[in-house]
1. Using a 1.4 angstrom probe on heavy atoms only, work out the carbon and sulfur share of the accessible area of the protein assembly as shown in %.
2. Where does the charge balance sit around A:ASP135 when Lys and Arg score +1, Asp and Glu -1, over other residues with C-beta under 10 Å from its C-beta?
3. Using Cα-Cα distances under 8 Å and only pairs 6 or more residues apart, what relative contact order does segment B:31-140 have, in percent?
4. Please report the relative contact order for chain B, taking Cα pairs under 8 Å with a sequence separation of at least 6, and give it as a percent rounded to a whole number.
5. What is the magnitude of the charge dipole of segment B:31-140 about its Cα centre, with +1 placed on the Cβ of each Lys and Arg, -1 on the Cβ of each Asp and Glu, and no other charges, expressed in debye to the nearest 20?
6. Over the heavy atoms of A:TRP235, what accessible area does a 1.4 Å probe trace out, to the nearest 10 Å²?
7. How big is the dipole moment of segment A:52-159 about its Cα centre under a simple scheme where the beta carbon of each Lys and Arg is +1, that of each Asp and Glu is -1, and everything else is neutral? Debye, nearest 20, please.
8. Please report the spacing between the Cα centers of segment A:80-104 and segment B:103-160 in Å, no decimals.
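The values are calculated or read from the model by the stated rules, or taken from the named source; none is laboratory data. These numbers come from a predicted model, not from an experiment. Backbone-built Cβ (ideal geometry, glycine too); neighbour counts: all protein chains shown. For accessibility, only protein heavy atoms count, side chains too; no ligands or nucleic acids. Shrake-Rupley method; radii C 1.70, N 1.55, O 1.52, S 1.80 Å.
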Amino acid sequence: MKRTASLLLVLCFLLSLPLHASASGQSIPAPQGDLYVQDTAHVLSAAEKNELLSLGRALEDKTSAQLAVLTVPSIGEMNIDDYSNKAYRAYKLGTKKQNNGVLLVLAVKEKKIRIEVGYGLEGAITDGKAGRIIDEDAIPSLQAGKTGEAITKTYRTLAKEISKEYSGEKKPEPKEKTSLPWWAIILIVLLIFLDIKFLGGFFTFFLLSLLRNGGNDKRNGGGGSSGGGGAGRGW
Amino acid sequence: MKKKWLWPVIIIVVLVVIFTMSYNGFVSAEENVSQSYSQIETQLQRRVDLVPNLVSTVKGYASHEKQVLTQISDARARLAGAKSTPEKAKANDALTGALSRLLVIQERYPDLKADKQFTQLMDELAGTENRIAVSRRDYNEQVATYNKKVKRFPGTLVASLGGFHEKDYFKSSPTAKEPPKVNFGEQQ
């Protein structure tokens, strides 16, 4: 009796779960290391890569905006606009609240380049401006066969445009500092003591390992999205 | 078996909870649908607003391409006046077709192609078109999720009680994706 009832409950719960029609992010390479530079086509030199990484890091620290570059050998059958939007949404550039990210995508085989702008930066980098940046910074170098130079130049300009948007604004709030009241500290110490005494520290170690996993310094996307703003070109 | 009343009560409570959850699920799914729809509408409106600028810029360089310009203006007017979702989708496709003729024309006017403002307007329009494509995809995904909810078995009871009906997709006609055929002799 009891078992059938609980089975019924589980069944009801399963039926009520929402069904997500998930959009598959097929063939978009998973980000490696810091998100800012995903050079899967290997067109950047080590020096260029390091420059962009530190530029991206500094930009995010200053403005909370995320600027990333993704190079791929080929985008297959997809067109660059769709691919860039999917990649942007897979990387989730910018904060969830502000969607302040920009993704520069370059497809080597198809000779296509695109600046994909997150919702939050559409005012700072309009489609017209994105097109102009590509025309001025990327296309000449790309036509001369200097792919790395094209990317670094474009990245620098984009970083400049983004920080211009945030200049005069105060720095983003530092990640909230939690100051615990004294009684909470005593309570926590007491709980840890009880845990170690009676449970062999099971919960303490469990929580510590969770913190360790979450606390590493790799830079990931902040949860932002894009609605397809930006501009693309072939060369 | 002391508490005979207990099981019916538990079952009723469970049913009420399920109904509420399901109902709320419909409400938020419907809200998602209308939110994505307003995204499409914003972009369609932006497109309608951009076209006159573009037409006047093109006129400055290629004033005798009257036919294309008239077609664009007509398609724009139809989009601006469209009311229902299928009507809007159709008018939007017509405008896409008319605008893509501009891409063919620009090849014949190097001055126009080199004009900064023209490039910028074309970028803005292309961006808007892309945003429409993205928001249409988002909208259709939300509608699919919502319609599935409405049509599937346990939810369909709640849907009919709560007055949730199936919604229209924002369909693009298959012909709109083909490049337009323009006769210029040497070009196709």
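1. The computed percentage sits at 59.
2. 0
3. Computed over segment B:31-140, the figure is 45 percent.
4. 32
5. The calculated dipole for segment B:31-140 is roughly 220 debye.
6. For A:TRP235, solvent-accessible area is about 60 Å².
7. That gives segment A:52-159 a dipole magnitude of about 280 debye.
8. The two parts, judged by their Cα centres, are 16 Å apart.
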